[in-house]
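The values are calculated or read from the model by the stated rules, or taken from the named source; none is laboratory data. This is a predicted model, so every value here is computed, not measured. No Cβ is skipped: glycine too gets one built from the backbone with ideal geometry, and neighbour counts run over all protein chains shown. In case anyone asks, the SASA skips ligands and DNA or RNA and just uses the protein heavy atoms, side chains included. Shrake-Rupley method; radii C 1.70, N 1.55, O 1.52, S 1.80 Å.
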Amino acid sequence: MVEELVTAGVALASVGTVYVMAAARVVKQYERGVVLRLGKLRSGVRSPGFTMIMPFVDRLQKVNMQIVTMPVPAQEGITRDNVTVRVDAVVYFKVVSAADAVIKVEDYRFAVSQMAQTSLRSIIGKSELDDLLSNREKLNQGLELMIDSPAVEWGVSIDRVEIKDVSLPETMKRSMARQAEADRERRARVINADAELQASKKLAEAAGVMSEQPAALQLRLLQTVVAVAAEKNSTLVLPFPVELLRFLERAQPAQPAHPAAPRAHARRVPAEQVPGAEEPQALPESQPSPDGSSARPPVRSQELPAQALQLLTQWQQSAQEQLPPVETPLDPDFGGSKTGQD
């Protein structure tokens, strides 16, 4: 009798152990458990930790509540300005309702992936190339709204969507490179023109100051000479002041409009030799000098300043010293020397 009771107790313990092992479940912290009893959804969602179900009656399905990172395959499409591009993206989403993710959609991961690809192709067709390249933030928000609208019914929340890369044809890349180069060249020319305008204004102000103070121009000339001499060149460029040329021009005597003809003794011209003359005409006679020779009236010339005469004399002497002798070809009929000085 005792042996039968012990055997029954052992059997009952074994059955209980098997039942507990079959009914025991562990739900992890990032998971939620959805229980289906005979195919019917139980109202409560099992929280993380140890839980029990009825073996052979209940079926526990675990749903991951972590944020899922899903890459969207590259989609090829034509933009609104007729440019063929390939765009790939990435979607970040998570499950907010475990029961809806299990009941309302067969595979929420596959559903979100297909919706992301379709929405990406739609965004490509509605956008221009410049928007895909420079205005991605706005496109990301539009793509997120397009995916999130149907995903809410599946118990899935779209966290964010990012466009990763935009692939362009090689011809389009070359065209964009030429456009960028032309734009930079235009900006460089505008900057150079602006710099020249500012420099011209400053030079005009400097010229006004120098015109009021002539000594400033001389100091500037000396500074230029010092700057050129510091480079240790064999040739020294010395600018010639224009004021000196103007001074010499004002100092030169005024030339008469017609050269004076030599005067001669007047003689009587018969009237018949002069057509249309009634009386003989006489040329003016030069007044005799006290010694009996005819003297011309003295020519009054403007006297040059001493400094101008000295500068002109020095310049003539230096010019004559620097001029080489002029050689002329020998004339067979002339028996002289070849040089014009002889």
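Computed quantities for the displayed model
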{"item": "Trypsin sites (Lys or Arg not before Pro) restricted to DSSP loop in the stretch 8-52 with at most 14 other C-beta within 10 Å", "result": "28"}
{"item": "The stretch 53-92: Rg to Rh, with Rh as the Kirkwood radius over Cα pairs", "result": "1.45"}
{"item": "Amide H contacts of residue 96 (H built 1.01 Å from N, under 5 Å, at least 5 apart or other chain)", "result": "156, 157"}
{"item": "Distance violations [Cα-Cα > 21 Å] among 94/126; 40/94; 40/104; 104/138; 104/164", "result": "94/126; 40/94; 104/138; 104/164"}
{"item": "Under the Karplus curve 6.51 cos²θ - 1.76 cosθ + 1.60, θ = phi - 60°, whole-Hz ³J(HN,Hα) for the stretch 65-79, x wherever Gly or Pro sits", "result": "9, 6, 6, 9, 9, 10, x, 9, x, 4, 10, 9, x, 10, 6"}
{"item": "Exposure rank, largest accessible area first [119, 211; 1.4 Å]", "result": "211, 119"}
{"item": "Kirkwood-Stokes translational diffusion coefficient of the stretch 84-167, alpha-carbon pairs, 20 °C, 1.002 mPa s, µm²/s", "result": "162"}
{"item": "Sparse-neighbour loop sites [GluC sites (Glu not before Pro); the stretch 10-113; at most 14 other C-beta within 10 Å; DSSP]", "result": "106"}
